[in-house]
Amino acid sequence: MYGKIKEHLQNELSNIKNAGLYKGERIIVSSQDAVIKLDSGKEVLNFCANNYLGLSNHPELIAAAKSSLDSYGYGMSSVRFICGTTDLHKVLEQKIAEFFGTEDTILYAACFDANGGVFEPLFSEEDAIISDSLNHASIIDGVRLCKAARYRYNNADMTDLEEQLKKSQGARFRIVVTDGVFSMDGNVAPLDEIVRLAKKYDALVMVDECHSAGVVGETGRGVTEKFNVRGEVDIITGTLGKAFGGAVGGFTTGKKEIIELLRQRSRPYLFSNSIPPAVVGAGIRVFEMMTESTKLQDRLHENTEYFVAKIREAGFDIKPTKSAICAVMLYDAKLSQEFATRLLDEGIYVIGFYYPVVPQGQARIRVQLSAAHRREHLDKAVTAFTKIGKELGVLK
Ligand SMILES: *Cc1c(COP(=O)(O)O)cnc(C)c1O
């Protein structure tokens, strides 16, 4: 019976290819780090991982993971409420709550699940969700799974947010939802303003700190720290898959009753496996390291400032960033692909993004900085960018 759909799928695939939208995957044959080895044998500098704090291959996390693996074994073979909760899971939840200054935390297999499972248990037809237009796909999907009315405001546009808050006055409960850092530009949500408007219109606030936790704020506690609104945000979601070690796992942290109800009703939590002890053990170590010192956060901030200053000095047009994401604007889709390919030849691994991932005519190369980068890595990248920029006529 496969026959008929097979042809259809082949057509779909060639449409994707013909539109130039086919996503290839490069194969890495080393650990994830500042320097990685590709299957071609080539060693390149990695500027496209979410390895913001350089923890993906950190010896302390490897040791913590091994130790939990030895004590608690490999898998949990259960969801949390049957027999998938160890004392380690509870410790990690507590550590995350302490880190963000919240009341309680619930772990998920991924932040995609945390966002997918947060709205439906809390909101129904009488309620409204007011969401930033550039929010992550998992928030969009989570909102779709919920019966609440949907409102959308233009990215970080507070006039439009206020408009939507006025329009949704009739709702029983309302929540404003935003990413902390928007991943294509590296800009931050104006959380102080969002909190002010939410108070004025009696709405809750939710922030997805995936790209901001560990990165933004003096000590890496995210946009709630940057805008000094810790305690005024009701729900924070985040991932263990980016700054915090880069393995896998997500969480929702916030008000105690919210978390308690999610444990009762959130479907990705109830019907999906517990995260494994090795990941949980290493996760605990991450949050200990984050509170023992700000060495990694400081290095990331230094690296970002250095790179952004140098690339701007070289003459590139970059988006104003408030995170560890630096968008080097090339505007033209084909040019962004050519540029990234040429950079790889120079030993710099970056990705060119173009429509529909970013708006039409806004193609760019997104550079992601890491605490794992050393000064010479940054210099090498700037030199390569400059060389290719001249060769391709981007720089004079
Ligand atoms: C990466 C990301 C997610 C998904 O996190 P996973 O743990 O990888 O599922 C959700 N929201 C935002 C804003 C992200 O950047």
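Each value in this text was obtained by applying a stated rule to the coordinates, not by laboratory testing. The structure displayed is predicted, hence computed values, not measured ones. In this analysis, Cβ positions are derived from the backbone assuming ideal geometry, glycine residues included, and neighbour counts consider all displayed protein chains.
Of note:
- Test: residue in region 175-182 that is more than 27 Å from Val328 (Cα to Cα), within 14 Å of the ligand (Cβ to nearest atom) and either in contact with a Phe, Trp or Tyr (Cβ under 7 Å, 6 or more places away or on another chain) or touching a residue at least 40 places away in the same chain (Cβ under 8 Å) (or both): yes
- The residues of region 66-94 that are outside any helix (DSSP H, G or I) and small (Gly, Ala, Ser), listed by number, are Gly73, Gly75, Ser77, Ser78, Gly84.
- Val177 vs. criteria crowded, with 23+ Cβ neighbours inside 10 Å and part of a strand (DSSP E or B): yes
- Residue pairs meeting the criteria (Cβ under 9 Å; at least 6 apart or on separate chains; first under 8 Å from Thr102 (Cα atoms), in region 251-264; second in a helix (DSSP H, G or I)): Thr253/Glu93; Thr253/Ile96; Thr253/Ala97; Thr253/Phe99; Thr253/Phe100; Thr253/Ile259; Gly254/Ala97; Gly254/Phe100
- The set of residues in region 103-134 that are more than 28 Å from His89 (Cβ to Cβ), assigned to a loop (DSSP other than H, G, I, E, B) and either within 14 Å of the ligand (Cβ to nearest atom) or among the aromatic types (Phe, Trp, Tyr) (or both) comprises Ser133, Leu134.
- Matching strands (runs of 3 or more DSSP E) fully within region 290-396 where at least 1 residues are under 30 Å from Leu240 (Cβ atoms) and of a type in the set (Lys, Arg): 363-368
- Residue within region 186-198 that is free of Cβ contacts under 8 Å to residues at least 24 places away in the same chain, surrounded by fewer than 21 Cβ atoms within 10 Å (Cβ to Cβ) and either more than 19 Å from the chain's Cα centre (by Cα) or farther than 25 Å from Glu257 by Cα (or both) present: yes
- Looking across region 64-83, the residues that are over 10 Å from Ala278 (Cβ atoms) and either under 25 Å from the mean Cα position of the chain (by Cα) or not small (Gly, Ala, Ser) (or both) come down to Met76, Val79, Arg80, Phe81, Ile82, Cys83.
- Filter result for Ala137 (within 16 Å of the ligand (Cβ to nearest atom) and in contact with a Pro (Cβ under 8 Å, 6 or more places away or on another chain)): no
- Residues within region 49-78 that are surrounded by fewer than 20 Cβ atoms within 10 Å (Cβ to Cβ) and in contact with a strand residue (DSSP E or B) (Cβ under 9 Å, 6 or more places away or on another chain), tallied: 1
- Any chance Gly186 is in a helix (DSSP H, G or I) and within 16 Å of the ligand (Cβ to nearest atom): no
- Scanning region 212-249 for residues that are within 11 Å of the ligand (Cβ to nearest atom), over 14 Å from Val286 (Cβ atoms) and touching a Phe, Trp or Tyr at 6+ places or on another chain (Cβ under 8 Å) returns a single hit, Thr237.
- Just so you know, in region 23-57 the residues that are in a loop (DSSP other than H, G, I, E, B) and of a type in the set (Asp, Glu) include one that is nearest to the ligand (Cβ to nearest atom), and it is Glu25.
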